[in-house]
Amino acid sequence: VTLILTLILLPLATGLVLLGLKSNLPRQILVSGVTLAVCGGCVVLALMPTPVKLGDLPVSQHGINLGMLLVEVAMSLFILYVGIRAKKPLIVLLTLAQAGLMVWFELTAGKHLEVAQNLFVDKFAVIMALINGIVGGGICIYALGYMREYHEVAHRDVQDRRPLFFALLFVFMGAMFGLIFANNLAWLFLFWEITTLCSFLLIGYTRTDEAKRNALRALVMNLAGGLAFAVAIVFLHRQTGNIELQAMINSPKALVLLPAALLCFAGITKSAQLPFSSWLLGAMVAPTPVSALLHSSTMVKAGVYLVLRMAPSVAGTKVGMMVALVGAVTFVVGSLAAITSSEAKRVLAWSTVANLGLIVLCGGIGTAEAVWAGILLIIFHAVAKCLLFLCVGVVEHKLHSRNIEDMSGLVVRMPKVAIMMQIGMAGMFLAPFGMLISKWAVLKAVVDAYPSLSVFIAFGSAATLFFWVKWMGKLIEVVGTGERIKKEMVLGEAIALYGLSAATALACLLFPLISIRFIEPYVYEVFGQAASLGEGNVIIMTAMMGVVMLFPVCFIGYGRGVKVMDAYLGGANVQSSVKFRSIADSVQDVSIGNYYLHNLFTEAGLARWGVISCSALLVALVTLAII
Amino acid sequence: MSPWIRILIYLIAAPLVGGLLAGWDRRITARMQSRRGPPIFQPFYDVMKLWEKQSLVVRRSQNFYIVFFLLLVIFTGALFFGGSDLLLVIFALTLAAIFFVLGAYKASSPYSFIGAERELIQMMAYEPMVLLTAIGMYMVTKSFAVNDIANHPTLLVLMLPGVFLGFLYTLEIKFRKSPFDLSCSHHAHQELVRGITTEFGGRTLALIEIAHWYENVFLLGWVYLFFASMPALGLGMSLFVFLFVILVDNVFARLKWQTAIKSAWLAALVLGFGNILVLSLLSAKPAALAAPAGGAVAKPAAVETVPAAAATPALNQANEIAKRN
């Protein structure tokens, strides 16, 4: 139990210390040290047999509850202040409602409530902890280098508030650990609200008008989810007299359906599913480490974590079906919307939304196979997406643009980053790497449960293919001679990027092991049946991976036995492959751009339809649950 | 026959069969256009000649991608004829195609670039239907393994008429024939020069050609799967489908990529998804499926006409668009 508490409290405490640290060097030492400690702790935890036996907490439970209540009230007051200052009645209303509800609940029912187990650690929690510790830790180290460059070179106009920034990163991380290990839903709720608040503050970090606006939007949407969460706790207590996560999952479905549906709703807001996807897209205004953190290891993963936890309670019900549909629609809309954008971060954001949709789909279906696939998706997505975000951050500092069109020839200009980006992308969509394995598993799970839903996956994954490959193509295509950029990245960035590239590759190679060691036991524990891809297929996959990984070997023969010529330009080349003689003896430049299919569909149009249909689905979800 | 022997036969015979089919294709096309046409073995002569040529490139690494394209196409076919998982086969095929596209991107010529983009659009157009085909086959046979699907006693096409027609539609794209020869036209100098293959020459172009032979044989093998319970019919239908594709190639003008993707997705939705929806409703009442083979032949035959009729307006529409172009 000490280890668990350390994992939660150490980052929180570090955050408070960091708040007071103004100079660079001590901050660097502290951040690196704590990150290492946290990663180490996660690995130790992973090696323990689960479920980890937890002793009693050193402090009396009611004391803790009281403390938590105070923290909660303090947070609510702060949010109220924010809401009033920004003149957003919705924020005030939502905060009052949920704070009032929780205080009333704690003071009436909470007093008599005896929670047997406040914390709980099973295989799923261990996986999440590993992701949070390693990926989140990587981001913190990356941020050391990145934020320095951000303030000292790239964005001199933004006020330097780094102490607050790093403090928030660590509080966020600690809250995420708490969220993962909490079994008492009231505790989980507290950590849930902390992540909401942290994300609000981080998105608004630059204090521009756009940042403020987007931060408020994120706050409103997540508060709506928080309210659903609070209502779920109250109802769960009414129905079962208990507010423990494990007990809830083992209760009969009919009894806990409404709370489960509300918790799924909360998960859907947090994981930025349609109609709430706009907060995650707006979150891009923040510095890159924040985007990476929100998109990969924390925040949105908290949402899907909760949805996957609810899977056994909603499996096979109409509520589950609605959740699955929200995920499915989001997957298709998100993938199509990613095609229409040329801004790297926006493409990544839409792809996150889409992939989370896939995970929510798994949670909604809720069979053993689906949950297995969902967890696999969480792992691969966290690592690969984080890598991609961090790469884009580096590129943005060097090229002063995050437009994909400007990344043309990156493989010559910034070869290291370009190759790591390719690794990340391969991990995101290419057979036989990570995400594709999971997508395949999802497809199988869906076909067995609701065959007609498979159509969403078929269309969505076709769209995924398009936007990733065209981006990859842009990176390797070279027009003219690109100047090699001297120093591609600073130390902190390099450590994080190399580490994450290695992690992506390892996760892909070792996925059978991860599956056997962690995911399968968890699925077996919850559903009483195992799920996997079948041994023969795994062998073929590995063979295929071997073939593809041989690709770099080709480059030994680089430039051998070939004669280099100019590209054909439909006119005489004036300057090798860059300028050509065109009509009336004019000299024309070559410029090459991607297709964005704007005349087929637009981002706004897609988003509108997505929001409308998913809102309808959510209304159906709540209605069905009440009935 | 053990899977290894089947794979071996595929590895050796597929390029021969594929090359011969390509030869026939050229011959038949010529006859349809009242020309005499080249000898049947012309594709082989072409490849042998290309093999002797000097290798010219724009970017030094562009040929590596093509080598992997060929390797993965062969791998895909080997998986298929070895009786492996159909979804895995699809993913391998996609991967192969991606290498092809990346090679064209790497070449960094405007023409190959647009060719690559269009090829991607085409992939996006056919991918849903290809996946739905695998899913449809799974719903009937309860297995994704090509082996089990091939040995299933029912004639799959009877249960999957819509899926079959939809698959036929995507084959038009996969064979890179008119009306969907958007990314690389086989016919003379056109708006994209040679599209995706513009900057490839010599041995690399020969490899692309061979890869297409392997790919075509694999695709026809998939057509056979629809008729696997009656092998003779299956072979006949594969051949027939091939002839049909040639006919369409000669009848249609090229369509715009917008039309390609819209119509292919419509076909996937109406024919593919419609069929799967019907199947999932039927399997809710399993009694309907349990009819003996004799009875099943008569009944679904009537069903088959429905999607065919539904397909005609779509085809007519496509026809009109082609004329307008």
- Query: For A:K318, which lysines qualify as cross-link partners when the Cα separation must be under 18 Å and same-chain residues fewer than eight apart are set aside?
  - Reply: A:K253
- To the nearest 10 degrees, how steep is helix A:415-429 against the longest Cα principal axis of chain A, on a 0 to 90 scale? 50 degrees
- Query: What are the chymotrypsin sites (Phe, Trp or Tyr not before Pro) within the stretch A:541-627 that DSSP puts in a loop, where the Cβ has at most 12 other Cβ atoms within 10 Å?
  - Reply: A:Y558
- Message: Tell me the angle of helix A:185-203 to the major Cα principal axis of chain A, expressed in degrees between 0 and 90 and rounded to the nearest ten.
- Response: 40 degrees
- Quick one: work out Rg over Rh on the C-alpha atoms of the stretch A:145-254, Rh as Kirkwood radius. 1.13
- Note on the structure: Highest mean packing first, using Cβ neighbours within 10 angstrom, the peptides A:159-171, A:187-199, A:512-524 sort as A:187-199, A:159-171, A:512-524
- Once the Cα atoms of helix A:136-149 and of chain A are each reduced to a long axis, what angle between those two axes, in degrees from 0 to 90 to the nearest 10, is obtained? 50 degrees
- How big is the C-alpha Rg of the protein assembly as shown next to the rule-of-thumb value 2.2 N^0.38 Å, as a ratio? 0.97
- Query: Okay, helix-only estimate at 222 nm for chain B: each DSSP H run of n ≥ 4 adds -39500 (n - 2.57), divide by all residues, round to 500 deg cm²/dmol; what do you get?
  - Reply: -24500 deg cm²/dmol
- Note on the structure: For peptide B:50-56, the mean count of other chain Cβ atoms within 10 Å per residue Cβ is 2
- Task: Counting residues in the stretch A:380-427 as N, plug N into 2.2 N^0.38 Å and put the Cα Rg over that result.
- Result: 1.07
- Pairs to check: A:K416/B:K49; A:K22/A:K270; A:K474/B:K262. Give those whose C-alpha atoms are more than 28 Å from each other in this structure. A:K416/B:K49; A:K22/A:K270
- Approximate spin-label separation A:L164-A:V611, in nm, with each point projected 7 Å along Cα-to-Cβ: 2.9 nm
- At q = 0.24 Å⁻¹, what is the log10 ratio I(q)/I(0) for the stretch A:297-399, with the Debye formula run over Cα points and no solvent? -1.20
- Query: In Å², rounded to the nearest 100, what is the total accessible surface buried by chains B and A against each other with a 1.4 Å probe?
  - Reply: 5700 Å²
- Query: What is the diffusion coefficient of the stretch B:1-132 in µm²/s, taking the Kirkwood radius over Cα pairs and the Stokes-Einstein relation at 25 °C with a viscosity of 0.890 mPa s?
  - Reply: 144 µm²/s
- Task: Note down the net charge around A:V611, summing +1 for each Lys or Arg and -1 for each Asp or Glu among other residues with Cβ under 15 Å from its Cβ.
- Result: +1
- Cα-derived Rg to Rh of the stretch A:311-465, Kirkwood definition: 1.03
- Pop a pseudo-label 7 angstrom from the Cα along the beta-carbon direction at both A:N24 and A:A604 and give the gap in nm to one decimal. 4.4 nm
- chain B: DSSP helices with Cα axial extent of at least 20 Å and average Kyte-Doolittle hydropathy no lower than 1.6: B:62-81, B:86-107, B:231-251
- Give me the distance between the Cα centres of the stretch A:88-116 and the stretch A:417-448, rounded to whole Å. 42 Å
- Query: Based on the Cβ-Cβ distance from A:Q246 to A:V73, what FRET efficiency comes out when R0 is 22 Å, to the nearest 0.05?
  - Reply: 0.20
- Distant alpha-carbon pairs in the stretch A:545-610 (separation over 16 angstrom), percent: 72 percent
- Query: Say we join alpha carbon atoms closer than 10 Å with springs in a Gaussian network model of chain B; which of B:F226, B:F240, B:F80 then has the biggest fluctuation?
  - Reply: B:F240
- Message: Using +1 at the C-beta of Lys and Arg and -1 at the C-beta of Asp and Glu, which of B:L11, B:A260, B:L156 has the Cα lying farthest in the positive direction of the dipole of chain B?
- Response: B:A260
- Of the accessible area of chain A, with the probe set at 1.4 angstrom, what percent is carbon plus sulfur? 66 percent
- Summed side-chain charge close to B:G115 - residues other than B:G115 whose Cβ falls under 12 Å, Lys, Arg +1, Asp, Glu -1: -2
- Query: Taking N as the number of residues in chain B, what is its Cα Rg relative to 2.2 N^0.38 Å?
  - Reply: 1.00
- Query: Looking only at other chains, what is the average number of their beta-carbon atoms within 10 angstrom of each beta-carbon in B:197-203?
  - Reply: 2
- Taking r as the C-beta separation of B:F41 and B:F244 and R0 as 22 Å, the FRET efficiency to the nearest 0.05 is 0.40
- For an R0 of 51 angstrom, estimate the FRET efficiency from the Cβ-Cβ distance between A:V103 and A:D157 and round to the nearest 0.05. 0.75
- Item | Positions from the stretch B:241-262 whose accessible area shrinks by 50 Å² or more when the full protein complex is built, not the chain alone, probe 1.4 Å | B:W257
- Query: What spacing in nm lies between the two simple spin-label points modelled at A:L90 and B:A232, each 7 Å away from Cα in the Cβ direction?
  - Reply: 7.0 nm
- If you place +1 on the Cβ of every Lys and Arg and -1 on the Cβ of every Asp and Glu, how big does the dipole about the Cα centre of chain B come out, in debye to the nearest 20? 520 debye
- What residue among A:V304, A:A462, A:V256 has its Cα farthest toward the positive end of the dipole of the protein assembly as shown, where the charges are +1 on Lys, Arg and -1 on Asp, Glu, each on the Cβ? A:A462
- Choose one of A:S515, A:F601, A:G492: the residue whose Cα lies farthest towards the positive end of the charge dipole of the stretch A:481-617 (beta-carbon charges +1 Lys, Arg; -1 Asp, Glu; about the Cα centre). A:G492
- Item | Reciprocal of mean inverse Cα separation for the stretch A:448-510 (Kirkwood radius, Å) | 15.9 Å
- Pulled fully out, how much extra length does the chain show between A:I64 and A:L80, if you take 0.36 nm times their separation in residues and subtract their Cα-Cα distance? 3.4 nm
- Query: Rounded, prolate or oblate: which one fits the stretch B:179-288, using the alpha carbon gyration tensor with axes a ≥ b ≥ c (rounded when a/c is under 1.5, else prolate when a/b beats b/c, else oblate)?
  - Reply: prolate
- Count the net charge of all other residues whose Cβ sits under 12 Å from the Cβ of A:V307, scoring Lys and Arg as +1 and Asp and Glu as -1. +3
- Task: Starting from the stretch A:182-251, pick out the trypsin sites (Lys or Arg not before Pro) whose DSSP state is loop and whose Cβ has at most 16 other Cβ atoms within 10 Å.
- Result: A:R207
- If you roll a 1.4 Å probe over the heavy atoms of the protein chains, what accessible area per residue do you get for the protein assembly as shown, in Å²? 36 Å²
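The values are calculated or read from the model by the stated rules, or taken from the named source; none is laboratory data. Remember, predicted model here, so these are calculated numbers, not experimental data. Quick reminder, even Gly has a Cβ in these numbers, built from the backbone with ideal geometry, and neighbours come from all protein chains shown. Protein only, heavy atoms only, side chains kept; ligands, DNA and RNA dropped before computing areas. Shrake-Rupley method; radii C 1.70, N 1.55, O 1.52, S 1.80 Å.
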